Amino acid sequence: MGFEEATPIQAEAIPLALKGQDLIGQAQTGTGKTAAFGIPMIEGIQAHANHIQGLVITPTRELTIQVAEELNRIGEFKKVKVLPVYGGQDINRQIKALKQYPQVIVGTPGRLLDHLRRKTLRLAHIRHVVLDEADEMLNMGFIDDITAILEQCPQEKQTLLFSATMPEPIKELALRFMQNPAEVKIKVKQVTVPLIEQYYLEVQEKQKFDILCRLLDLESPELAIVFGRTKRRVDELSEALKRRGYLAEGIHGDLSQARRDQVINLFRTGSIDILVATDVAARGLDIQGVTHVCNFDIPQDPENYVHRIGRTGRAGQTGKAITFVVPRELDHLKTIEHLIRRKLEKKRIPTISEVLKGRQQAAMERLLRVAEEGDLQVFQRMAQALLEEQDSVTLVAAALKLLTKEPDQTPVRLTAEAPLQVKKKKYAHGMKRRKHRQ
C-alpha cells in the first residue's frame with residue numbers, strides 16, 4: 001500500500017490491538033488512525049466465515065466511505081469483504097449487499113440502527129468494534145444510538161475507541177463497554193500540521209468574492225477546497241465561480257448521496273479543481289493533492305478550523321490555508337489562535353497588477369510544459385508557415401497573451417451572511433437593554 005513507516009498512533013496502537021486488548025486512542029484527524037485500527041482488525045478476521053465479525057461506527061457518510069475503502073485495501077489479499085452502510089443510500093441495495101456475507105461493516109449510527117430494527121443486520125458474532133471520531137459522534141447527538149448498538153454486541157469482544165478529545169460522556173461510554181482499556185495519547189506541540197502555511201486576510205464582506213478570485217488566479221492551486229458557513233453560501237459561491245470560468249462544484253448536506261459522490265469523484269480525479277463545501281466535508285474527506293484550503297467564512301466552531309485546514313498538507317505534502325476575516329470577527333480569530341497555539345500571520349490583499357503578473361507567469365509555465373511534452377508535429381508545420389509572416393518573438397508573445405486571461409471584473413453579489421452566532425446573541429441582548437432604557 002506504499003507505507004514506509006508507521007505514524008506515532010500506528011506504532012503504539014497496532015501492537016496493543018494485535019494482543020486483543022481494548023484500546024482508547026487519542027489523536028487528531030489525519031494521523032493515520034484508520035490503519036491503526038484497520039490492520040489489527042483485518043488480521044483478526046476469519047475471511048471464510050459467513051458472518052459479520054467486525055464493526056466500525058463513524059460519524060459521517062464521507063468518513064464511512066473512506067474507512068471502508070481503506071479497509072478493503074488492507075484486506076484485499078486476505079479476501080476480507082468490507083461493506084459501508086450509511087443514510088442517503090438505497091436501503092434495499094444495502095440489504096442485498098448484507099446478504100452477500102461481508103465480514104466487516106462500516107456505518108453511521110442512524111443507518112446501523114435502522115438495519116438492526118429491520119433485523120437485516122445481526123451482531124451476534126461481532127469480535128471487533130471500533131468507534132471512530134467518538135467526540136464528533138457525541139457532538140452530532142449520536143451517543144444514545146451508539147449505546148443502543150453496543151448493547152446488541154456480544155460482551156466478549158475487542159473494542160477500540162478513537163477520539164481527538166475525551167469529553168466526560170465518552171469516558172463514561174468507555175467505562176461501560178470496555179474491559180481495562182490501554183490508553184494511547186499522541187501529543188502534538190501544535191494542533192495543526194507544521195507543513196501547512198497559515199495566514200489570514202482582513203477583508204470587508206462585499207470584497208470577499210473578488211479577493212477569492214484574485215487568490216485563485218495568483219496561486220493557481222492544483223486542488224483547492226473553499227469552505228462556506230451555510231448551504232446557501234456554498235450554492236451561491238460555486239455558481240458564481242463557474243460564471244467566472246473556474247472549474248468548481250459545491251457540496252453540502254442537502255445534496256443527494258449520489259450527487260455528493262459524483263462531485264467528490266470529479267474533484268478526486270481533477271475534473272474540477274475547486275470544491276466549495278460546508279463543514280460536512282471538513283471531517284472524513286481524504287483526497288490526496290489538495291494544495292489550498294480557503295476559509296471564505298471563518299468557522300463558527302474553532303475546532304472546525306483544525307478539521308478544515310487538515311484537508312491539505314497530508315501525507316507529508318505542503319499546503320496553504322487562507323482565512324478571510326471581516327473586522328467584527330477578529331476576536332473570534334483570537335479564539336482559534338488560542339486553540340491551535342499559534343498566531344496566524346496577517347497578509348495584505350493582492351493587487352490586480354500582482355494577479356496579472358501571476359497569470360502571465362502561469363501562462364509561460366503552461367507553454368513550456370506543453371513544449372516539453374512533445375508530440376507537436378502537426379503544429380510545427382503551422383508554426384513554420386506563421387514564421388514566414390511574423391518573427392518568433394512576436395508569435396510567442398501573442399501565444400502568451402492568449403493564455404493570459406484578463407482578470408474578470410464582472411460584479412457578483414452574494415447574499416450577506418449573518419454574523420457569527422455568538423456575536424448575534426450579544427447584539428440582541430444589547431438591543432433589549434436599549435429598548436428597556438427608552
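FYI, it's all coordinate maths here, none of it is from the lab. Just so you know, these numbers come straight off a predicted model, no measurement behind them. A quick note on method: Cβ atoms are made from the backbone with ideal geometry, for glycine too, and the neighbour counts reach across all protein chains shown.
Listing for the model above:
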quantity	calculated
Segment 8-185: relative contact order as a whole-number percent, Cα under 8 Å and 6+ apart	32 percent
Highest average packing first - 231-241, 56-66, Cβ atoms within 10 Å	56-66, 231-241
For segment 135-214, Kirkwood radius (reciprocal of mean inverse C-alpha pair distance, Å)	16.8 Å
For segment 230-279: span of alpha carbons on each principal axis (Å, largest first)	27, 25, 15
Entries of Lys96/Lys119; Lys19/Lys119; Lys185/Lys320; Lys185/Lys343 with Cα pairs more than 23 Å apart	Lys19/Lys119; Lys185/Lys320; Lys185/Lys343
q = 0.19 Å⁻¹: log10 I(q)/I(0) that the Debye formula gives for segment 196-350, counting C-alpha atoms only	-1.23
With eigenvalues of the C-alpha gyration tensor scaled by 5 and rooted, segment 251-342, Å	25, 16, 11
Net dipole in debye of segment 84-145 [+1 Lys, Arg Cβ; -1 Asp, Glu Cβ; about Cα centre; nearest 20]	660 debye
Surface/4 of the Cα convex hull for segment 179-262, nm²	10.0 nm²
FRET efficiency for Lys206 and Asp144, using Cβ-Cβ distance with R0 set to 51 Å, rounded to 0.05	0.70
Packing rank of 259-265, 118-124, 130-136, where each peptide gets the mean count of other beta carbons within 10 Å, highest leading	130-136, 259-265, 118-124
Proximal charge balance of Ala224 [Cβ under 11 Å; K/R count +1, D/E count -1]	-1
Unit charges on C-beta of K, R, D, E only; dipole of segment 196-350, Debye	160 debye
Under 13 Å, Cβ to Cβ, from Gly2 - net charge with Lys/Arg +1 and Asp/Glu -1	-2
Summed side-chain charge close to Phe77 - residues other than Phe77 whose Cβ falls under 15 Å, Lys, Arg +1, Asp, Glu -1	+1
Principal axis dimensions, segment 8-185 - Cα atoms, whole angstrom, descending	40, 36, 30
For Met137, Met1, order by how many other beta-carbon atoms lie within 10 Å, fewest first	Met1, Met137
